[in-house]
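> Take this structure, written in structure tokens, and hold onto it; I'll ask about it next.
A short reminder: the numbers here are calculations on the coordinates, not readings from a lab. Keep in mind it's a predicted model, so treat the numbers as computed, not measured. Cβ atoms come from the backbone with ideal geometry, glycine included; neighbour counts cover every protein chain shown.
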Amino acid sequence: MLICRNHPNVHENVQRCWSCMTAVCGDCRVKIGDKAYCANCKDRQISEIRSGVASDRIEYASILRRFGAIFIDGLILFFPIFLIAMFLGFSAATSGVDPDSAFDDQINILNLIMIPIYIVYEALMLARDGQTIGKKALGIRVVTPAGAQISTGQAWGRAALRQVFFSCLAIINYLAAFFTAEKTCIHDMAARTRVVRV
């Protein structure tokens, strides 16, 4: 639940500022176009508009940055999955089960565990502020086509779709980003999201 930075008792109608991602209530934000800004960011945004800078211009994240973010997130999630694998291996070794059979079982169990772990991690992070740790490190964010914060449903749907496509159609999924103006993968199109530079 989001709580307004300026009014700690207010948690209804609270949104994040598009620019700095600070949580603010309806009294503390102003809408410019289709984006909501806190008081601090509003002044900068108005200044950009007056100076002729296109405030609604969105710079889409490159495929290289997107893959870099996925790589960083993969490294972060590798450690808990590695610990689970070690535990399963130790359990099999001490149970007297046939080693080859035990190894196959471990691989199957790890595959079943990995996908939910990735989905939960990505969905929770994206629902909070549109960024996983990898995306924060590389300065990119998942947003709606209009550039606003994605909904919780979009975050979960996108995370699940990305894993489905990553498991089955990874090349086709990411290949689409090379040929679309907004650099959208298939899972972005399905979830109605975009990945932008911040």
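> Got a sec to turn the phi values of segment 73-78 into Karplus ³J(HN,Hα) couplings, 6.51 cos²θ - 1.76 cosθ + 1.60 with θ = phi - 60°, whole Hz, x for Gly and Pro?
4, x, 5, 5, 7, 4
> Still on this structure, I have one more. Let a ≥ b ≥ c be the square roots of the eigenvalues of the Cα gyration tensor of segment 158-198; is it rounded (a/c under 1.5), or, if not, prolate (a/b larger than b/c) or oblate?
Oblate, because a/c is 1.5 or more while a/b does not exceed b/c.
> Beta carbons within 10 angstrom, averaged per residue: use that to sort the peptides 122-129, 29-36, highest first.
122-129, 29-36
> Measure off 7 Å from each Cα along the Cα-to-Cβ vector at residue 34 and residue 64, then give the distance between these two points in nanometres to one decimal.
3.1
> Using the basic label-point model (7 angstrom from Cα toward the beta carbon), what is the residue 82 to residue 181 distance in nanometres?
4.5
> Taking 0.36 nm per residue of separation and subtracting the Cα-Cα distance, what length does fully extending residue 27 through residue 170 add?
Length gained between residue 27 and residue 170: 47.1 nm.
> Counting only other residues whose beta carbon sits under 11 Å from that of residue 24, what net charge do I get with K and R as +1, D and E as -1?
+3
> Give me the number: length gained by fully extending residue 7 to residue 146, i.e. 0.36 nm times residue separation minus the C-alpha to C-alpha distance, one decimal in nm.
Full extension of this stretch gives 47.3 nm more.
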